[in-house]
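The values are calculated or read from the model by the stated rules, or taken from the named source; none is laboratory data. Predicted, not measured: the structure shown is a model, and the values here were computed from it. For neighbour counting, all protein chains shown are included, and Cβ atoms are generated from backbone atoms with ideal geometry for every residue, glycine included.
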Amino acid sequence: MSSISYLVPRLIRHFLPESVVRFLLLHGWIIRPGMETSNPSGAVERYQQVLREHGIELSGKRILVLGYGGRFEIGCALISAGASHVILCEYKVKPDHTFNRTLLEKYSDSLKLIDNRVEVNPEKLTLVEGDIRQVAIEHVLQPVNIVLSNSVFEHLVDVPGITRALAALSTEDAACLHFIDLRDHFFKYPFEMLRFSSRKWYGWLNPTSHHNRLRIWDYRAAFVPVYNEVDIKVLGTDIPAFQKIAAHIQPEFKQGSLEENAVTHISVFARDLKQG
């Protein structure tokens, strides 16, 4: 039986209006923002480090960022790092014009103020709002060379479908790099969400940001059919925390070895699209 200290906040988070969630997220209160929002320069450095390990530079590349959080700084930072063009994608989140206004002086080549709103320079940045699967179908974007995301894939409803859509928006030799946090985002209890049946989780406890609870083998199954080269690295595990509640975890979340079951963070690098 989960503790009240877990269930009560989870129930509140499930029914909390999205406008309130967004306010808390942007202010860093209670809900932690992603790295693209809290430390965009650090996010770019991490992307560069891993891509360079695979012989890839950002310079001259068209890049798509999935889930930029409404703040343009990650796109501007990628342009400053040498990218030729950056596409910033969000499903529902609107641009944070209050924060983006603070970027105008530093990134004057990429941003401009029009009618008291911060707009992007279309020669450098493109904003896309909506379902990326529909964007791929519409063929409105030029293909990209690199797709990036941080702590986004664990919130997706259709990981295989979105993986294929991102591939469809890419050149044949394109690469992607995704950092994925497999923990329960009530971080004090990293595996607590795995106790619950789908009915209970999605009916009562799943946050409005959606947490799909996928494990490392699920991501392997999503990327391997799409790319010829897939490198999934384990960045973190917490075996003691997993063992502590292992007897209560649903069977579908215990399919691998103990080491795989207890994975908390992964990176997924993939490139070289499969044909057909």
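Note on the range 251-265: residues that are farther than 30 Å from ALA175 by Cβ and in contact with a helix residue (DSSP H, G or I) (Cβ under 6 Å, 6 or more places away or on another chain) amount to 1. Here TRP29 meets the list (1) in a loop (DSSP other than H, G, I, E, B); (2) modelled with pLDDT of 95 or more almost entirely, failing just condition (2). Only one of these conditions is not met by ILE146: (1) buried (at least 20 other Cβ atoms within 10 Å of the Cβ); (2) within 29 Å of ARG13 (Cβ to Cβ). Which number is it? Unmet condition: (2). Checked against (1) small (Gly, Ala, Ser); (2) without any contact (Cβ under 8 Å) to a residue 40 or more places away in the chain; (3) buried (at least 23 other Cβ atoms within 10 Å of the Cβ), GLY67 passes all but condition (2). Elements of the type helices (runs of 4 or more DSSP H) sitting completely within the range 96-177 and holding at least 1 residues that are aromatic (Phe, Trp, Tyr) and within 24 Å of TYR47 (Cα to Cα): these cover 97-101. Please indicate, with yes or no, whether at least one residue in the range 8-22 is within 29 Å of LYS124 (Cα to Cα) and modelled with pLDDT under 95. The answer is yes, given that some residue of the range 8-22 is within 29 Å of LYS124 (Cα to Cα) and modelled with pLDDT under 95.
Annotation note: of PRO240, PRO225, the sole residue that is of a type outside the set (S, T, N, Q) and in contact (Cβ under 8 Å) with a residue 24 or more places away in the chain is PRO225.
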